[in-house]
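The values are calculated or read from the model by the stated rules, or taken from the named source; none is laboratory data. Remember, it's a predicted structure, so these values are computed and weren't measured experimentally. Backbone-built Cβ (ideal geometry, glycine too); neighbour counts: all protein chains shown. For accessibility, only protein heavy atoms count, side chains too; no ligands or nucleic acids. Shrake-Rupley method; radii C 1.70, N 1.55, O 1.52, S 1.80 Å.
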Amino acid sequence: MENKILLKANLKRHKGALFGIFILTLLVAAALGTVLTVWTNSENYIGSELDRSGYGELTAWVENLSDWAGLKNSIEALDEIGRVETQSLIYSNYTANEMESDSEGQLITYIPTENRYRFFGDDLSGYTQPPESILPGEVYVSPSMVSMFGIKLGDEITFPIARAGKNLTLTVKGFYEDVYMGSSMIGMKGFLISEADRATALDLIHNAGIDALSRDGAMLHIFPAKESGLTVSELNSLLNEQTALAEYTESVHSKDAIAGFMLILQNAFSGILLAFVLVLLFVVLIVLSHSISSTIASDFVNMGILKTVGLDSGRLRLLQLLQYGIPASVGLIIGFWLSVPLESMVINATLTTTGVLIPATPSLLFMATAFISILLLLALFIFIRTRKIGKITPMKAIRGETDGTVTKITKPAAFGSNIHFRLAFRQLLSGKSRYIGAFVVALLLVFFASLVGRMDSWLGPDGKGMMDAFNPADHDIGVQSFGELTQEEFEKTILQYTDITDTYVLAMPTASLNGISYTANVIDQPERFHILEGRTCTADNEIVITEFIAANFGITVGDTVTVRGDSGSGEYIVSGIYSCANDMGDNFGMNREGYLKIGRDHPNLWCWHYFLADSSQKGAITEALESAYGGDIHVHENTWPGLFGIISAMQALLVLMYALVIVFILIVTVMTGSKILLAEQKDLGIYKAIGFSSSNLRLTFALRFAIVAVLGGLVGTLLAAVITDRIVSSVMKLAGISNFVSHPNFIGVVLPMAVVTLFFAAFAGFVSGKIRKVPLTVLVAD
Amino acid sequence: MKNTILCGKDIHKTFTQSGEETQILLGIDVDIYEGDFTVVMGSSGAGKSTLLYALSGMDTITGGSVTFKGQEISKLSEKKMAQLRANEFGFVFQQTHLVSNLTLFENVAVAGFAAKAGNAKEIREKTDMLLLKMHAENAKDRLPSQVSGGEAQRAAIARAMIGNPGLLFADEPTGALNKANSEEVMNLLTELNHDGQSILMVTHDVRAAMHGNRILYLEDGKILDELNLPPYGNDDLKARENNVLSWLSSLGW
């Protein structure tokens, strides 16, 4: 009973601080529950949907093959292969909302009986029944087309099937879930069409002959035999060696790789948010620590008295544990509960970027584990922080001894010019343990805000950082001819707008390295590759590989590999490691001479890349070239439609993060500030008695927090400058980006510290409003 | 004819706790004269400290008015009141109430800056001079927790004096001191008064009260009587003590 009475009294007495703990744990649990559920559900869902929709362990995209059955049979004849399923498709470029696609689309014939796809309702709020059929003239697209091209129902998408304006124009009838190409991170897009439209397109392709712009193709879903012990890479190698698959391959991807492409966005943003939540959890511990110290200091006498009536330290510590454990538990429970609708909101809000509707169903086991883990962490922390209670003796309490007696003089002197600042600094130094929490919180928040800010500055307002990471070499504009059009002809058009300052050619054929198919970036000026280690491939028997290929094969600079192209194979020395995140780093680089030893040359293979004197003319040049040469040309700028989704997501993340930062600063300042004000009542009375106004005292109080925030912010900023690139690089490697180097401008560096300082000072000013109410009679109370 | 420096008219003070009102001051009229060492005495709970804090503007009053040098201070804004405290009032409390993280020197100097009592150099010099005068110069670089009660209280008087206050308020300044320290503090206050400093002091200590030249006796929220004396030191101390004691005795002390 006495425990109940004491606990009730403690909860009432410290209700402000305990409410702060409740809010902080609620925010942490809500964010943690949301991030972890989105993360794990994304991974599980993509995996299970790839299985359900019939993707094999390996899926090969093939083209221009007349004998599908023959290839399928030859693959199935291998002992290691269980079965092969075929899905026919047509590769075609497309134009949507007057924007030309950067990558080819795949027109996939919809066969209702296969039950491969899920369809969304018109408002994208959830699933609907699959259509019984897709009518001629209709097309179903991924919701990511909304963020990439601004597509809406009823819009038209034009597929240039052959030259001379032989297009297939389809109207968007609805949206479907594409678990392979649905993410806006992936340039290639799938389009579900009717059998009649496929037949029409095939007719146009066949009749056009060499004027065809689109190609017939298929997806081969390859399933290994049950008894096969080969890895996916070994399987790929086996297929390239023992079948003709490589001759027709557009690309080959494992199921894991496909899931990896689809999950780049979720994983990257979930990773960042998870790290942020862990920082916030650390902040909660700091705030808790400060609150416990203050509570013990203010309840010192009460605890001593309770000891005189027979309560021991263990009981008092248990009461403290319950006092903090109750609001923390309630905060965690409500936070995890709130994470369920939050998950739905996040998933629905990001549908047009991720392309998939991840189930929002929380895992109860998972939530319970997270809840218990955090609670145990908090309990252990509270238990450790309440050790001081053991040192309280009844006599100490009765004598009024506390830990708060100042016995050490702290410099600088609290007078001279600018007395408010000096006083604030002096009060800060002499009571520094009270401000350590705020200092560490400022440090962590500024560090994290700086880290994300650096990522944002790397990305840049137009996404150049990410494009440079994905491209094997930089450029302003790339032009590839599909017909007789020559380089000189389209350069004339470019020169009408601006001078060309530099140029190189690049091809991206598929080639195998040690038996496994990859994209080969073939360039005539290999010095343009972004080399991380070693040197670029200048000789015709040299290649450069990404860190990911190096890790996959366990090879490094100086090793020899076998590269097979469409006309032969050869031995090549790895001369360097380079950076290119395309295909999540599954690519390698060669020079032109090196490739032509094993690959067929063709004028249309090469894409001309230009650097422009005035890069702002890119858009106008693209439009001019497309209108002049139509389907005979493919023009791409150093961007792709999905980039805007990523930039928007990054900006949304920044806004969300700053919002959380501000809420945390508010709570930390209110909790810390209130305790400090309570402890300084007498000093405040004294200052008032000697003529300081409330405004003066509020100013010095806010200044203390501003100084703390500046100091914490400086350390946080320095820390971010030193370790951001290393930390982010290690996270970015998940997406194939290994050369993350941030170059924020001055404002980018200073902004996080300025925001954190400003809010600390503002909230401290707000909290210090209580100073007005400090009566001078506080000095009479003695 | 003495000049009135502080004037209280019909001062009422009521405390309300748990909805229950307690009247402490019941319409007090009082004038404090320039150059006087006025002492307020009375039995415990008579309202002595309440009157001091009402007259000094440190606490609000429920009714009436307080005027300092012709300016009604009970209606001043918080900011103006702070200015008044910095420039015209000095306070000495029973507990020394020094800021715990400042040295004695800094405690005095900070008040000097608040009162804008000169530039930094002048304030430092004046602080040194006051601490010397208050015999606290040897402890000036120590924190309040590192000095004796007497040293702390003398530093508190120095702090009260640094702004050249028009009126020095002292609330039981010897209440927490031993006899020797009490004697020293009272002598210092007397010396200040002889130099022209107006002082209003509350005490229940007859020996301390004897240092005043005017003693007001408070009973049940009203001034019951007053005793005027010659300046301290100008008469026989024994006779002065007997005079005060017999006056107090006549009032039921």
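Contact map, segment A:649-669: first residue open to solvent by less than 40 Å² (accessible area, probe 1.4 Å), second residue assigned to a helix (DSSP H, G or I) and of a type in the set (D, E, K, R), Cβ cut-off under 9 Å, separation 6 or more or different chains; pairs are A:Met650/A:Asp456; A:Leu653/A:Asp456; A:Leu654/A:Asp456.
Of the numbered criteria (1) open to solvent by less than 10 Å² (accessible area, probe 1.4 Å); (2) of a type outside the set (Val, Ile, Thr); (3) closer than 30 Å to A:Phe644 by Cβ, the one A:Leu213 fails is (1).
Restricting the search to strands (runs of 3 or more DSSP E) fully inside segment B:156-244 and requiring at least 3 residues that are surrounded by fewer than 22 Cβ atoms within 10 Å (Cβ to Cβ) and at pLDDT below 90 gives an empty result. Against the condition out of contact with any strand residue (DSSP E or B) (no Cβ under 9 Å at 6 or more places or on another chain) and either among the acidic types (Asp, Glu) or open to solvent by less than 60 Å² (accessible area, probe 1.4 Å) (or both), how does A:Asp122 come out, does it pass? No, not satisfied. Exactly one residue out of A:Ile157, A:Ile193, A:Ile222, A:Ile161 is surrounded by 21 or more Cβ atoms within 10 Å (Cβ to Cβ), touching an Asp or Glu at 6+ places or on another chain (Cβ under 7 Å), of a type in the set (Val, Ile, Thr) and more than 30 Å from A:Met732 (Cβ to Cβ): that is A:Ile222.
Take A:Ile690 and tell me if it is over 25 Å from A:Leu274 (Cβ atoms) and touching a helix residue (DSSP H, G or I) at 6+ places or on another chain (Cβ under 6 Å). So A:Ile690 fits the description; yes. The residues on offer are A:Ser42, A:Ser48, A:Ser101, A:Ser53, and the sole one that is under 20 Å from A:Gly182 (Cβ atoms) and not assigned by TED's automatic domain parsing to the domain that holds A:Gly260 is A:Ser101.
Within the group B:Arg154, B:Arg214, B:Arg207, which residue is charged (D, E, K, R) and closer than 21 Å to B:Asn87 by Cα? Checking each option against the conditions leaves just B:Arg154. Filtered by the rule that a residue be within 26 Å of B:Ser77 (Cβ to Cβ) and in a helix (DSSP H, G or I), segment B:20-63 gives B:Ser49, B:Thr50, B:Leu51, B:Leu52, B:Tyr53, B:Ala54, B:Leu55. Residues that are more than 19 Å from A:Phe223 (Cα to Cα) and crowded, with 20+ Cβ neighbours inside 10 Å do not occur anywhere in segment A:67-86.
Taken as a whole, segment B:95-118 holds at least one residue that is surrounded by 24 or more Cβ atoms within 10 Å (Cβ to Cβ), in a loop (DSSP other than H, G, I, E, B), within 7 Å of chain A (Cβ to nearest Cβ) and among the β-branched types (Val, Ile, Thr).
Would you point out the residue of segment A:468-483, among those that are farther than 23 Å from A:Asp499 by Cα and open to solvent by 10 Å² or more (accessible area, probe 1.4 Å), that is modelled with the lowest pLDDT? It comes out as A:Gly483. Does A:Asn44 meet the test of being part of a helix (DSSP H, G or I) and modelled with pLDDT under 85? Answer is no for this residue.
Within segment A:295-305, the set of residues being in contact with a Leu (Cβ under 8 Å, 6 or more places away or on another chain) and either crowded, with 21+ Cβ neighbours inside 10 Å or under 12 Å from A:Val441 (Cα atoms) (or both) comprises A:Met303 only.
Filtering segment B:130-145 down to residues that are within 12 Å of chain A (Cβ to nearest Cβ) and within 13 Å of B:Ala156 (Cα to Cα), which residue is most open to solvent (accessible area, probe 1.4 Å)? Out of the qualifying residues, it is B:Lys140.
When A:Glu571, A:Glu593, A:Glu527, A:Glu533 are checked against the criterion of being charged (D, E, K, R), touching a residue at least 24 places away in the same chain (Cβ under 8 Å), closer than 28 Å to A:Gly465 by Cβ and surrounded by fewer than 22 Cβ atoms within 10 Å (Cβ to Cβ), A:Glu533 stands alone in meeting it.
Within segment A:597-622, being in a helix (DSSP H, G or I) and open to solvent by less than 30 Å² (accessible area, probe 1.4 Å) holds for A:Ile621, A:Thr622. The residues on offer are A:Leu32, A:Leu7, A:Leu18, and the sole one that is surrounded by 21 or more Cβ atoms within 10 Å (Cβ to Cβ) and within 22 Å of A:Leu322 (Cα to Cα) is A:Leu18. Need pairs with beta-carbon distance below 6 Å; first residue touching a residue at least 12 places away in the same chain (Cβ under 8 Å) and within segment B:186-205, second open to solvent by 50 Å² or more (accessible area, probe 1.4 Å); sequence gap 6+ or separate chains. From residues that are touching a residue at least 12 places away in the same chain (Cβ under 8 Å), the pairs are B:Ser198/B:Glu34.
Taken over segment A:559-568, the criterion of being loosely packed, with under 15 Cβ neighbours inside 10 Å and at negative phi is satisfied by A:Asp559, A:Thr560, A:Thr562, A:Asp566, A:Ser567. Scanning segment A:228-248 for residues that are surrounded by 15 or more Cβ atoms within 10 Å (Cβ to Cβ) and among the hydroxyl-bearing types (Ser, Thr, Tyr) returns A:Ser228, A:Ser233, A:Ser237, A:Thr243, A:Tyr248.
Only a single criterion out of (1) modelled with pLDDT of 85 or more; (2) within 30 Å of A:Leu288 (Cα to Cα) is not satisfied by A:Ala507, namely (2).
Every residue in segment A:578-590 that is open to solvent by 10 Å² or more (accessible area, probe 1.4 Å) and either in contact with a Gly (Cβ under 7 Å, 6 or more places away or on another chain) or closer than 11 Å to A:Asn521 by Cβ (or both), please. Within segment A:578-590, A:Asn582, A:Asp583, A:Met584 meet the criteria.
Considering the conditions (1) of a type in the set (S, T, N, Q); (2) under 30 Å from A:Ile646 (Cα atoms); (3) touching a strand residue (DSSP E or B) at 6+ places or on another chain (Cβ under 7 Å), A:Asn240 is excluded by exactly one of them, (2).
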